[in-house]
Amino acid sequence: MNILVINCGSSSLKFQLIDMTTEAVQAKGLCERIGIDGSRIVYTPAGGEKMTIESPMPTHTEAIKLVLDCLTNAEYGVIKSLKEINAVGHRVVHGGEKFASSTIITDEVIKVIEECNELAPLHNPANLIGINVCRELMPGVPMVGVFDTAFHQTMPKKAYLYGLPIKAYTDYKIRRYGFHGTSHSFVSKRVAEFLGKPVEDLKTIVCHLGNGASICAVDGGKSVDTSMGFTPLAGLVMGTRSGDIDPAILEYYANKEGLTLSEVTTVLNKKSGMEGLTGGKSDFRDLEEGYEAGDQACIDAIEVFCYNVARFVGAYAASLNGVDVIAFTAGIGENSGFVRGKICEYLGYLGITIDAEQNSKRGEDIIISTPDSKVTVCVIPTNEELMIARDTKALVEAQ
Ligand code: AMP
């Protein structure tokens, strides 16, 4: 069974074609600058050269047509015809409270996703465009929606309710939803498999540390708390996002800078976090270089980041009433032994000791704690596309 995984953003579209008998990626790529001048597709067939094709993509329809043309191209394609695509899995950012798991897309499901648009105005409409264009170009091919929020729908009320007038929740759906659910779900399952233990028996804290970063407390395979909230702006200090701040800062900062509330929200999303603290550096490779060179802003930013991660780990060890495993994933979590090491320096009270040699490795499933560490600390590369493909396969086969 071949599954096409689509992650459709407002001006970009990522895709992978996965052969589910082996779970091998047959081809992958990215359409950039959709609806903007200079649009192009970067395409890599398995075992082949990465290629960039410049082509006008005024809308997502042209982008998806181009993806399908690449996949079926006589020279560099990986399938002979579209008939070899058995199903399509779509990443959908927000499923609100309506979707606690992935689902086969029907007209009814599309309506419900549309109802969630106001909760994720930057993401859901683009995800829906991807779904609608694929349905148009591949009629009859089953489609599945996989939601970033679904994994966190198991959170108890005490973890998702904010201390606001209750109508904020009942009338306006304001609550903690959490994001990165596909990654937290994949990593919490994979870590159990890797350690050879039933996921039901493990209390796991997953640290998804990328440009967007979130932490999730997973009890027996179920999310019980997570650091992102109503939007992905909450929780940890991130690449360009502030994470949690005192809400009274919004009005105060708006007055000081002469900004509207909406402009302050843009500052919190795009000009804060590591970028804001250093005046322009959000990539951890640059930040680490600055740290080594003694750049005080980089030192401060990295200290803030690591301290915040450690604070959330402490909070979630309390939520879970203990912790068996801590798993690091995503760009920083998978690649930066330096950041992992600094975070774990705070965790000695949990009986954690780190093996420096193991911690210097990257890009593979590894245990970085010593054998006598009271908590097992691992690095688990995330694979959201594979998770989407697995859910799609399971739902299509069960139809
Ligand atoms: P993601 O959003 O998961 O793609 O992660 C992006 C983040 O991972 C960026 O801040 C990158 O700087 C960081 N990253 C990627 N590779 C490395 C590396 N080798 N060392 C430190 N940070 C890295």
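Structure data summary
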quantity	calculated
Kyte-Doolittle mean at least -0.5 and Cα axial length at least 30 Å: DSSP H helices in the chain	296-319
Above-threshold pairs, the threshold being 28 Å between Cα atoms, out of LYS222/LYS270; LYS197/LYS393; LYS14/LYS189; LYS222/LYS271	LYS222/LYS270; LYS222/LYS271
Most to least packed among 143-149, 116-122, 299-305, 222-228 [average Cβ atoms within 10 Å]	143-149, 222-228, 299-305, 116-122
Surface per residue (accessible, 1.4 Å probe) for the chain, Å²	46 Å²
Whole-number percent relative contact order across segment 285-399, with pairs defined as alpha carbons under 8 Å at least 6 apart	22 percent
Solvent-accessible area, 1.4 Å probe, carbon plus sulfur percent, for the chain	51 percent
Full-stretch length increase - GLU200, THR21 - with 0.36 nm per residue and alpha-carbon distance subtracted	61.8 nm
Length gained when the stretch MET51-TYR346 is fully extended (0.36 nm per residue, less Cα-Cα span)	101.8 nm
Loop GluC sites (Glu not before Pro), segment 335-399 (other Cβ atoms within 10 Å of the site Cβ: 10 or fewer; DSSP)	GLU364
Sum of -39500 (n - 2.57) over DSSP H runs of 4+, divided by residues of the chain (222 nm, nearest 500)	-11000 deg cm²/dmol
Gap separating the Cα centres of segment 281-308 and segment 313-347, nearest whole Å	18 Å
Net lengthening on full extension, ALA248/GLN358 (0.36 nm per residue, minus Cα-Cα)	35.3 nm
Exposure of TYR169 as accessible area (Å², to 10), given a probe of 1.4 Å and all protein chains	50 Å²
Between segment 65-132 and segment 164-217, the alpha-carbon center distance in angstrom	22 Å
Simple Cβ-charge dipole of the chain, Lys/Arg +1 and Asp/Glu -1, about Cα centre, in debye nearest 20	700 debye
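The values are calculated or read from the model by the stated rules, or taken from the named source; none is laboratory data. As the structure is a prediction and not an experimental result, all values here were calculated from the model. Cβ coordinates were reconstructed from backbone atoms using ideal geometry, including for glycine residues, and neighbour counts include every protein chain displayed. Remember, those area values only see protein heavy atoms, side chains included, never the ligands or the DNA or RNA. Shrake-Rupley method; radii C 1.70, N 1.55, O 1.52, S 1.80 Å.
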